[in-house]
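J.: Sharing a structure, written as structure tokens. Questions coming.
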């Protein structure tokens with residue numbers, strides 16, 4: 001039975017490795033791969049925000065596009081669909097896990113970018129996911 005696999009991408013080397021691992025998995029078992037980047041505006045009480053929503057969204061899209069450009073050519077037979085989502089990383093991936101057969105994340109990521117997939121975030125995803133999770137090192 002084909003699988004629905006969701007992989008978290010934040011532009012870090014770890015997330016590129018996770019995307020590559022997920023693409024190889026889908027190539028072997030069949031299915032659909034969703035490459036997802038989640039972005040949000042960090043909350044900074046009493047400080048001017050340094051980046052606009054448009055800038056953060058653009059950075060997220062560039063991170064996603066860059067990772068796909070590095071991995072997609074090696075997996076021409078894999079159906080890889082990408083999506084940029086605004087929200088809180090753990091919440092969004094837990095929601096996605098309810099529709100997925102497998103969730104794939106890197107063990108570390110760009111904490112400064114959006115707080116995505118840093119070790120503690122990956123662990124929260126593992127503990128709250130509705131489907132199996134693979135953490136790629």
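The values are calculated or read from the model by the stated rules, or taken from the named source; none is laboratory data. Just so it is clear, the model here is predicted, and its values are computed rather than measured. Every residue, glycine among them, receives a Cβ derived from its backbone with ideal geometry; neighbour counts consider all protein chains shown.
J.: With respect to residue 38, is the statement that it is under 14 Å from the mean Cα position of the chain (by Cα), without any contact (Cβ under 8 Å) to a residue 60 or more places away in the chain and surrounded by 14 or more Cβ atoms within 10 Å (Cβ to Cβ) true?
T.: no
J.: Got at least one residue in the range 65-79 being within 23 Å of residue 137 (Cβ to Cβ) and modelled with pLDDT under 95?
T.: There is no residue in the range 65-79 that is within 23 Å of residue 137 (Cβ to Cβ) and modelled with pLDDT under 95.
Matching residues to (1) within 20 Å of residue 2 (Cα to Cα); (2) touching a strand residue (DSSP E or B) at 6+ places or on another chain (Cβ under 9 Å); (3) at pLDDT 90 or above:
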residue: 16; (1), (2), (3): no, yes, yes
residue: 42; (1), (2), (3): no, no, no
residue: 49; (1), (2), (3): no, no, no
residue: 55; (1), (2), (3): no, no, yes
residue: 85; (1), (2), (3): no, yes, yes
residue: 107; (1), (2), (3): no, yes, no
residue: 124; (1), (2), (3): no, no, yes
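J.: Sticking with this one: Go over the candidates 88, 99 one by one and state the one that is surrounded by fewer than 13 Cβ atoms within 10 Å (Cβ to Cβ), more than 10 Å from the chain's Cα centre (by Cα) and within 20 Å of residue 128 (Cβ to Cβ).
T.: None of the other options fit; the residue is 99.
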